[in-house]
Structures are given as C-alpha cells and as structure tokens.
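Heads up, the thing below is written out as structure tokens.
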Amino acid sequence: MAKKTYDLLFKLLLIGDSGVGKTCLLFRFSDDAFNTTFISTIGIDFKIKTVELGGKKIKLQIWDTAGQERFHTITTSYYRGSMGIMLVYDITNIKTFDNISKWLRNIDEHANEDVEKMILGNKCDMDDKRQVPTARGEAIAREHNIPFLETSAKANINVEKAFMNLAQAILNKTPGRVSEPNINIGTQDTSARRCC
Amino acid sequence: MFYVQLMDIAKLVQKTLTPNEKCIQAIECARILDGKRTLRYAAIVINKQEHGVFIFTALRVPCLQSSDLVLESVIPIDGSMRCSAEAPSQQTELRLSLRSPIINVLIEMPKSDPSTLFLAEIKKAKDVYSQVPAFGEPAAIFPWLEKYKRQSTDFNQSSGENPFAEDIFDPLKHMSLDGTNMHVVDTESSRQTTWFQDDMSSLSSSYEHLKPAQKSRSRDSLDKILGGDEDYTDSMETLQWSLGISSGNELPILGKTISSREKIVKKFLTDRELEFTDQHSFRIYCGTWNVNGQSPPDSLHKWMVVDAEPPDIYVVGFQELDLSKEAFIFTDSPKEVEWQKAVKAALHPKAKYLKVKSIRLVGIMLIVYIQAKHKGFIKFIDSDSVPTGIMGIMGNKGGVSVRFTLHNTSLCFVTSHLAAHQDEYERRNQDYKDIMSKTKFKDFSPPLEISEHDIVFWIGDLNYRIDLPIDTVKSYIKKGAHKKLILEDQLYRQLQANSEIFRGFEEGFPNFDPTYKFDSGTDNYDSSEKNRVPAYCDRILWRGPGVKQLRYDSHPQLKISDHKPVSSLFDVGIRVLDDKRFKRVYEDIMKKLDRLENDHLPQIKIDNTELIFKDVKFVEPQVQVVTVANVGQIPVEFEFINKLDDQTYCRPWLKATPCKSIIEAGVCCEVQIEVYVDKSTAAKLNSGEEKLEDILVLHLTNGKDSFITVSGNYMTSSFGSSIEALIQMHGPIREVPVAELIEIEQPGSLSRVDITKDGGRLYMVPKEIWKMVDFLHKYAMNKDELFQQPGRNSEIQFIRDCLDTGRPEHIPDSLSVHSVAEAFLMFLESLPQPVIPYEFYTKCLSTSNNLLLSKQLVTSLPGCHKNTFLYICAFLRELLKHSDKNGLDIKFLCSFFGEVMLRPQTPLFTTASAKEAVVKERRSKLREEDAKKAAFMYHFLSNEIEL
Ligand SMILES: Nc1nc2c(ncn2[C@@H]2O[C@H](COP(=O)(O)OP(=O)(O)O)[C@@H](O)[C@H]2O)c(=O)[nH]1
Ligand SMILES: [Mg+2]
C-alpha cells in the first residue's frame, strides 16, 4: 500500500507467429476480456497495466507486435529496451512451435542481453486440436533455461500468472535500494565542504 | 576553490559504471541548495545513445578512488529534462540549472573551457535524444539509469527517511487538484516520469534540520519519536549551525511535479474515503496559558490532568513564555527548557507519550504530544510560525502552528497571542487574519494552509475583552453570571454574528471566571493603577466535524501568572483506514485508471495497409490515398519514421504527403502515397538491384506504430539502363527477359558477349540515342530555343514507350522537337554511368585546358562510351552549322552538354546536414568546374576531331 502511483516501469514485449494469440493474451490481461474476431496486428501497439509485486507498484507497458514474416526485420528494432519478452506459440499449430527457435535467435541478436524471457504455449483450451505436446514445450524451455507455461486467452488460463511471473523475474533482477546509511560529510570532513 | 585534475574524476566515475556505460566528461562544481554551495562532481554518462547527468558528493577531497564518490542525483537527459545556464559577466562562475520532473539541480562551475565543454556535451546529448528514432517510444525510459537512481542519495532520502511515510494512505484532500482536466490522463508526464515519487513521501520532517534556525530551535520530534529519546536539544546540530555549515544530507528541492495520474488517484480516493475508513474516537487535551515570563511551578498536573483517562493527544500552548530581551535576539531560551520539562512531567501518568513537535516564536510556544501507541499512524508533521508584533515582524505577538495527519484525518493546532488592550479588538482581528493567511506548511507543495485541515484547534491568549464597565464585570463575576459576561465579550459577539473573524470556529461556554488579569500569586483581579477590566483573554476554539467538547475549565489554583491557565478536553472523530477495504478500493481505482489511460492512448484506423502499385513507369507518378482515421479520444500526432538504420522514412522513389500531421479526435486525414521513379532511382530498379517494395512506419506520438506495406512492379525502361546493356539489346527493352536484363546489367557483361555468335552483334551507340538524335537531326536543325523550351510530359512518356516497346518503330514526326530534346537530355541524365564515366571525371577536368590530353582521354574511354560521346559531339557540331537558324551558340552547348555528359558521382549522404555541408562546399567549386567542363567540350565541338 505504498502511496506512489507506481515505483517502477517495466516494458514487456509479445512476439511470436501471427495468429498465435498475442493480441488476445494482452487483451485478456489488460481488459480481462476475450474477442474471437481476428484482426491481425499490423504494427506495434501497447497497453499499460499497473500491478503490485513485492509491495511495489509496477506499471507494465506491454508491447504487442505484428507476427507476419514480412515485418520480422522491422519488429526486431523494438526489442531493444524491452525488459521482458513473452514468446508465444499456438499448441494447435506445430509450425508456430517450430518457429520458436527462430524467434529465440532473433531475441539473442536484437534484445538486451539481460532480457527476461518466457515461452507460452497458447490456446491450451483446444486440447482436441493439440499438435504440440506439453512435454515438447517444456523441453525446449528447459533447453534454453526459460520459464514455460501453457495458457489460454480464451479460457483465461495462466494469463495473469504468465505476466506476473515475467514481471517478478524482472523485479528480482532490479537492484534494490542501497541499504547502507547515508554518509554525513559535514561531520566527517568539514574541510572538504568549505573549500567551495 | 581548487579544481582537481578533471581527467582523474572522469576515470573515477568510470569505475562506478558498468562496461557499456561511459563517462564522457566529469567536472568539479558546487551544488547550490538552500542558498549554500557544497562541493560536487558532475559527470555526463552515456549508454548507447542515452545520456544522463550524474551528481556525486565526495567523501574526501581530493578523491583518490571511486569509492570516494557517492552518487547523489541522476538526471536523464531526455525530453523532459530542461537545462539553462547563466554566466553573469561580473562573476567568474557560471550557473547551470538542470530540471527533470523529479528533481532540480543547480550547480555552479568556473568559467573555463571544461565547463563550456560540459555544457556543450549536455546540449549535444539533448539533441541526440531528440534525434533518436522514435522506435520504442513512449518507453524512452533510460532503463539503465534505474539502478543508479535507486543508489542515489536523493532517491533514498526523499522516500526513505520518513518513518511515517509507510503504508498509510493520506487522501490529501487539501492538495489542490487541477479540477480542469481531471479525466484526461496526462500521457506526456506519465511517459516522461519513470518513477514517480509521491510528493508526500519527501515530507520528511528531517528537512527541518536543514533550515536555518530563524524560529524555534527545539525541533525534535520525529527523531525522538523514532529513538524514544525525548531530550529536546540537539547539540550536534547546534554546533553545525553555529559553524555555518549544513548537515550535509541536503534533500532534493521540494515542489516536484506530480503526475496527473497521481492527482486523479488522490481525487478518487478522497471521493471514496467513506468506503474504506471508519470513525474512531480520540481524546484531545488542549491547554493554554499566558505565563507572564515566569518559571513553571512545581507541578502542572492540576491543569494538565483533567480526567481519569489519559488523552490521546496533548496540545499545550503558552504565551509570554519568556519576556527577556534576549528571547527576541537569541534562539535559545532557558525558559523553554524549564517549561518543556514541566509539561513532560505533567503528562497523564496512565499513558506513555511521545513528543510530536514543539515550536516557539519568542514567547509563544506550542507543544504537541501523542500517545506512543499511535506512533505508526501519524505522518506529515509540519509547523510554522507567523509574527504579528511590532511592524508585523516582531515575535512578541503572533501565532505558531503544528499540523499532522493522524490516520486519515488532518489536524492543525494553533496557539496565538493577539494584540492587547481593551479597544484594540480590530488589531486582534487583523492579527487573526494574518496568522490565518500567512501560516504555510511548506513541506507541502503548494504549501498547506490552516484552513485546509479537517480539524483545527485554535488556543491562546486571544486578548478579547468584555465591553462592560469594570464594576459591572466584577459584580457579575461575584454572582457567577458568566453568561452575562460572555454576551458582551468581543470574540463571542463576533462569533455569534458569523463575522469573518474565526468564521466556522466554535467555542464552548466558559463557565468559569475571566482568566485575566490577576495580581500574580493571588486570586485577586488587578489592583494596580491601571485597574484592568477582567476578561476572557484565554480561549480554546475548534473548527471541523466530529468534535465534541467534554470539558472547558480554568485552573485558578495555578497562581504564578497574571493569567489563569485554561484547559479543554475533546472527543474527536478520526477517520481510521481499514486496510482490506482500502486495498480493494485502491485496486479498483488502479484498474479504472489503467483503463482510462489505455482508452486515452492515441488510436487510429488505417483503411489500407497494403498498397500495390501496378506497372510503375519511368517518370510517371502513381498515387494512392490512405485514410488515417483518429478513432481515439484525443488528438493524435502522427509521423512516418525511419526504420532500422535508415536515414529516411522511405525509399527515394516513395513519398507520403503529409508525412507528419495532427488529427483531431473523430477526424480523418488523407495521406497521399506516391511512387515516382525518376532519373535518380531508375537505374537500380532496371538492373533489379532494387525492387518496388517498402514498409512505411506510421508512428503516433505516445502511441502505436502502424506498418503500411508498399509494393509494385516496375516497367523496365531504356531510361536508366546502362550504355553497355543497351548496345547489347537488339530489340526494345521490354522484349528482353528480366533474367537476361539483370545479366547484361552486370558489370563486365560486355566482355562476355561472343560477337562471333548470331545475336552477339553490338550496337555502336544505344539505338534509343540514335533514334532521338536522328529525329532531332531531321526536324530540329532550324528550330529556335532547342534545349531551352520544356517538352510536354505526355509526349515524353510517349517517347519513352516508343523506345521501350518499339511501337511505333520510330518517333512520330508529329511530336514536338522540344519534347524529344528533353527526353534526350533525360535519357543522358538517367544513365547509371554518364557518357564520360565517373572514374574519368576528375581527369577530364584536369586535362580540359589541353587539346591533346583531352583527346587522349576520350581515346581511353570504354568503347561504347567513346562512341556515344563522339556521336553526340558530331550531332552538336551539326547543330552549330545551323546556328544562324536555330540560334544556338557553341558556348551554350559546351556548358550545357558539359553538365549532362560530365557528372561527378554524387556522394551518399548519411545525414541531411552532411549533404548540406557538401553542397555548400561544392557551390564554390562549381563555377570553376563548370568552366572546365565547358572547356573540355569546346575541344570537341569547335573542330572535328580525328582520334
Ligand atoms: N481457442 C482459442 N483461441 C484463441 C486463443 N487466443 C487467441 N485465439 C484466437 O486466435 C486468433 C488470433 O489471435 P490474435 O490474438 O489476434 O493473434 P496474434 O496475431 O498473435 O496477435 C483469434 O481468432 C483468436 O480468437 C485462445 O487462447 N484459445
Ligand atoms: Mg496481434
């Protein structure tokens, strides 16, 4: 219950093939709603959401990117400066999963070195149409040492958790307040101060 | 002041940074805070393209290692940073003010080269910031600076020192809100400020320590409450003040800008306060006594302990505490020490108390205690004093105040000593008004006033008198007819009349004898010559809801003064926050605000994000219109921005108009997207090196980016094809398969042609040139103004198609010679390599004054270029033979065709400013070069040259 509106601002980025549900995940998280009409994102959009973690108000600015192949080069320029990247595939579409390694390479090349990552297998509500076994998602995540979750923007499964976990990971890395006491120069070395 | 070697400091600073950050400059300076100058080091640090100014304090001077530097402030050089410098001519220092939404820093440095350089670097950094491509906005947040901000002492002090700054929400109903655009989220400031500090969090009372001791010196409070040490003197501080130095922990200048969002949060919370607070009853004791400069008696219990239950808060006011002359001059008063002790000793024995604050203005003193159990719920303690004595500045009269917030209720306590004498009630009224208007709690921004508190208690020697003859007064006193007395009391009458004096204040009925004026040590009213009329000088008033007076008494047993002390006990309703309910409301408000903020992000719709341009032809523009609709709630500013490392927002054959504009909410803007291939872009499209493909990035300020994909197919043209390729083409270019076209445009393709083979035949000169020259030779010999009159666009396009498709085979004689002449020039200008190839350009200029060398140069040209050059020269000589009819002269043709056939390679400019510089430089050379080009041509136009 700190008094500030927020203490920290985290910039997150959603990437992954077109149609995997990036925009829907963002919409679910920010507006707690789901929309079935598919309007492909042509560009870069963002929404904000204020959350509380570890007693801190954190403003998340979440960027949603166009997933189409032809925009890949352009969208990489938005990687810089993002503190967390959500890499999304569609469990009902093996191709989007196969592309994960390509997206990971993109991150390596263009994002900040210390960026926090997370892999999401979305649309887990459609188990009947599943093409990517959970184990495969877990395996690739383990291989790259990246947290993994299966989500559903539609059924609201793990969406909040995914974003909060990513934010928490960033927060964990954010250097805390230096705890050493303030040094009182005036009492220690007055000559240093009076020289000017 | 001495200045340490600057390089060394920069090196030390560098050691405090991470490897990808670089200190570009560091300088010794003085930071000015509260009028004091203290030694600092200022450094400019860069990370990629982002800059920040770091201010360090030094643990010792000179600094020998990086740990001697303590980071004090960090200011990102971003769009919100404001910087101004002044250099008064009579001074040897220049002053630099750096302002961010979070902090103001004022520094002084010597007028020296390093200082100038430092300023220049800041300016440069600002420029860089504004030029950095807008990608990533609105999150230009300098993430790398965050770790430093958290390290900096400014950050820690302003939010970390106040022990009460935690976890209690203060609705700050008194904070003035800009009611005007409450519903509009200020995206600008929320973008620029990456970590808001609550303005209140900086209200640490320790700020008090840094102010010069103009008023009371017995500031104590917070530290004491913290440490449980109630000794009211602070010898360390006193020592420092007397040495004229500050305690070193300067706090940032207050008065930060609060984001609108924060204001809205406060407003919403205030509106919903009842949802998450409950009213709890608190006992407040108020006591006031004019002690006439006397020392305290043995015990104050009779006055201060009025009930079996201990009050939660003690508010004790004194007047005429110290009547000595010294009290006016010196800040310390031995009387204060005595009375502080006496008050402390007389606190209710059944509870443990902590001092909140005490403040003294000469003889007027206010002491506030609170029960220790409430320690965690009191915050934003501040005080102020207003003198109203002689000339309005002397402290013999006036008022002192203490304010704080208890749970969720703001409380203000005032004790005052107003002007004396029976007839001076106007003067008293004026004193009241002055105290009311001049009391400012300056920890707040803007400063808080008495009237802005939920509940106010005003106690003191208000000095109002009873307007009755002395005998009447005394007889009423004898009869205990207090009511009759109070009816004629100057203050009571004004309160009844609802005048502007003490408006809104209430007072209980003083069912006790007037408390003034006694012969000291007795219960006898004034027996001196002055024979003063007894009066209710000493009063206790309150203002605000939920206050119930339990007692209102005087205490005649205490006789040391000519006044009797007065006391009152109150039951006060304090709004106490319910954590769970507060959290719920707070989260709800956050959600609403997030939605509000998201709704107020710029939103647009673009009707077409995939533009396809079919069959684009040389010099024939095609335009498509894209409608950008502002479907959001605020005006949007859009701009096409550069992508990746590009220097322009699109390819040179593409253009968007407007490329930048503002659209009002609900309004559409039509953007024309034009594809136009001209002589500068044709060659690469012909050779297949480039395609008609591009993506435009339409960026909204503080909002999203939209991509508009542009694609199309280009109709290859002889215009923009190389001489080498053209002489290999037997038919029109359109009949050449694309793959072959790309092949023959490759460098060295000529050498691969097998001329012995069928189809391996090469033309001497491009047949397109021949066709145009042939036409001009036939129809233009006797025409006026050749090469001077412009041609017709439609005809030029017709000629282009005729040459490119071979239909009709020859240029029809119906066309104007001027159109053909212009097409001819355009053709020469579009050649990827000019007739005299680039590599020969400088040589040409240097040989221009020598016929023989010029001839040798032409001989050395690649065959097809040589042929083309000589062919054109021959044609021009033909024209000159008819100069009597066509009016052409050799000088004109020399300089005109010199320009067309001799072209320097245009350098690839990385920035517009670089281009400007080159153009400028070239301009001076130009005349000289033009003359040389003409001279070169002259050799070949004046005579038929045998090579
Ligand atoms: N069943 C199901 N459909 C989803 C889910 N998330 C998104 N979709 C659908 O997948 C399509 C593409 O979603 P969108 O968010 O636009 O994908 P994007 O291109 O990655 O932004 C839309 O038709 C959505 O309705 C999900 O969790 N479950
Ligand atoms: Mg999308």
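The values are calculated or read from the model by the stated rules, or taken from the named source; none is laboratory data. Note that this is a predicted model, so its numbers are computed, not measured. Because the Cβ atoms are built from the backbone with ideal geometry, glycine has one as well, and the counts that use them run over all protein chains shown.
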Residue selected from region B:600-637 under the condition in contact with a Ser or Thr (Cβ under 6 Å, 6 or more places away or on another chain) and within 14 Å of chain A (Cβ to nearest Cβ), by the criterion nearest to residue B:703 (Cα to Cα) | B:606
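Yes/no per residue for (1) modelled with pLDDT of 95 or more; (2) under 22 Å from residue A:60 (Cβ atoms); (3) assigned to a loop (DSSP other than H, G, I, E, B):
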{"site": "A:131", "(1), (2), (3)": "yes, no, yes"}
{"site": "A:154", "(1), (2), (3)": "yes, yes, yes"}
{"site": "A:164", "(1), (2), (3)": "yes, yes, no"}
{"site": "A:186", "(1), (2), (3)": "no, no, no"}
Can you name the residue in region A:22-35 that is within 10 Å of ligand 1 (Cβ to nearest atom) and without any contact (Cβ under 8 Å) to a residue 40 or more places away in the chain and is also farthest from residue B:695 (Cα to Cα) among such residues?
-> A:35
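Identify, from the list A:17, A:32, A:45, A:108, the residue that is of a type in the set (Asp, Glu) and at positive phi. So that I can check it myself, show each step before the final result.
Working: A:17 fails: at positive phi; A:45 fails: at positive phi; A:108 fails: at positive phi.
The unique qualifying residue is A:32.
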Filtered residues of region A:81-100 (kept if modelled with pLDDT of 95 or more and of a type in the set (Gly, Ala, Ser)) | A:84
Residue B:28, sole failed condition from (1) within 13 Å of chain A (Cβ to nearest Cβ); (2) surrounded by fewer than 22 Cβ atoms within 10 Å (Cβ to Cβ); (3) at pLDDT 80 or above | (2)
Residue A:80 passes all but one of (1) within 12 Å of chain B (Cβ to nearest Cβ); (2) closer than 23 Å to residue A:110 by Cα; (3) buried (at least 23 other Cβ atoms within 10 Å of the Cβ); (4) not hydroxyl-bearing (Ser, Thr, Tyr); which number fails?
-> (3)
Scanning region B:274-320 for residues that are surrounded by 17 or more Cβ atoms within 10 Å (Cβ to Cβ) and under 30 Å from residue B:596 (Cβ atoms) gives B:276, B:277
Taking region A:28-41, which residues are more than 8 Å from chain B (Cβ to nearest Cβ) and either among the charged types (D, E, K, R) or over 16 Å from residue A:161 (Cβ atoms) (or both)?
-> A:28, A:32, A:33, A:34, A:35, A:36, A:37, A:38, A:39, A:40, A:41
Sole miss for residue A:44 among (1) within 14 Å of chain B (Cβ to nearest Cβ); (2) touching a residue at least 12 places away in the same chain (Cβ under 8 Å); (3) away from ligand 1 (no atom under 14 Å from the Cβ) is condition (3)
When residue B:730 is run through (1) within 26 Å of residue B:825 (Cβ to Cβ); (2) assigned to a helix (DSSP H, G or I); (3) not polar (S, T, N, Q), the failure sits at (2)
When region B:786-802 is examined, which residues are found to be over 60 Å from the mean Cα position of the chain (by Cα) and either closer than 26 Å to residue B:621 by Cα or loosely packed, with under 13 Cβ neighbours inside 10 Å (or both)?
-> B:802
In region B:43-56, the residues that are buried (at least 24 other Cβ atoms within 10 Å of the Cβ) and within 13 Å of another protein chain (Cβ to nearest Cβ) | B:56
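Quickly run through region B:841-900 and pick out the residues that are charged (D, E, K, R) and closer than 25 Å to residue B:788 by Cβ. Break it down stepwise before answering.
Restricting attention to region B:841-900, the residues satisfying the condition of being charged (D, E, K, R) are B:843, B:855, B:866, B:877-878, B:881, B:884-885, B:889, B:891, B:899.
Passing the criteria: B:877, B:878, B:881, B:884, B:885, B:889, B:891, B:899.
Regarding region A:1-15, can at least one residue be identified that is within 12 Å of ligand 1 (Cβ to nearest atom) and either facing chain B (nearest Cβ under 9 Å) or touching a His at 6+ places or on another chain (Cβ under 7 Å) (or both)? Give the derivation first.
Quick first cut of region A:1-15, residues within 12 Å of ligand 1 (Cβ to nearest atom) only: A:14-15.
Checking which are either facing chain B (nearest Cβ under 9 Å) or touching a His at 6+ places or on another chain (Cβ under 7 Å) (or both) leaves us with none.
Within region A:1-15 (the criterion being within 12 Å of ligand 1 (Cβ to nearest atom) and either facing chain B (nearest Cβ under 9 Å) or touching a His at 6+ places or on another chain (Cβ under 7 Å) (or both)), the answer is no, since none of the residues qualifies.
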Would you pick out the residues in region A:13-43 that are within 25 Å of residue B:639 (Cβ to Cβ) and under 17 Å from the mean Cα position of the chain (by Cα)?
-> A:13, A:14, A:15, A:23, A:26
Any hit, region A:13-22, residues being among the hydroxyl-bearing types (Ser, Thr, Tyr) and touching a Ser or Thr at 6+ places or on another chain (Cβ under 7 Å) = yes
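Residues of region B:568-584 being within 11 Å of chain A (Cβ to nearest Cβ) and surrounded by 14 or more Cβ atoms within 10 Å (Cβ to Cβ), which ones? Please lay out each step first, then the result.
Taking region B:568-584 first, the residues within 11 Å of chain A (Cβ to nearest Cβ) are B:577, B:579-580, B:582-583.
Answer for region B:568-584, where residues must be within 11 Å of chain A (Cβ to nearest Cβ) and surrounded by 14 or more Cβ atoms within 10 Å (Cβ to Cβ): B:577, B:582, B:583.
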Single unsatisfied condition, residue A:54 versus (1) within 16 Å of ligand 1 (Cβ to nearest atom); (2) of a type in the set (Gly, Ala, Ser); (3) more than 9 Å from chain B (Cβ to nearest Cβ) = (1)
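One line per residue, one yes/no per condition, for (1) under 41 Å from the mean Cα position of the chain (by Cα); (2) under 22 Å from residue B:301 (Cβ atoms); (3) not in a strand (DSSP E or B):
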residue	(1), (2), (3)
B:512	no, yes, yes
B:527	no, no, yes
B:553	no, yes, no
B:561	no, yes, yes
B:584	yes, no, yes
B:611	yes, no, no
Under the condition of being assigned to a loop (DSSP other than H, G, I, E, B) and away from chain A (no Cβ under 13 Å), which residue from region B:57-77 is nearest to residue B:117 (Cα to Cα)?
-> B:77
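Answer yes or no as to whether residue A:29 is aromatic (Phe, Trp, Tyr) and surrounded by 19 or more Cβ atoms within 10 Å (Cβ to Cβ). Full working, then the answer.
Details: aromatic (Phe, Trp, Tyr): yes; surrounded by 19 or more Cβ atoms within 10 Å (Cβ to Cβ): yes.
Yes: the conditions hold for residue A:29.
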What is the number of the single condition among (1) under 22 Å from residue B:434 (Cα atoms); (2) touching a Lys or Arg at 6+ places or on another chain (Cβ under 9 Å); (3) surrounded by 13 or more Cβ atoms within 10 Å (Cβ to Cβ); (4) not acidic (Asp, Glu) that residue B:468 does not meet?
-> (1)
Looking only at helices (runs of 4 or more DSSP H) that fall completely inside region A:1-120, which ones have 2 or more residues that are within 16 Å of ligand 2 (Cβ to nearest atom)?
-> A:22-31, A:72-76
Kindly indicate whether any position in region A:105-122 is within 14 Å of ligand 1 (Cβ to nearest atom) and surrounded by fewer than 21 Cβ atoms within 10 Å (Cβ to Cβ).
-> no
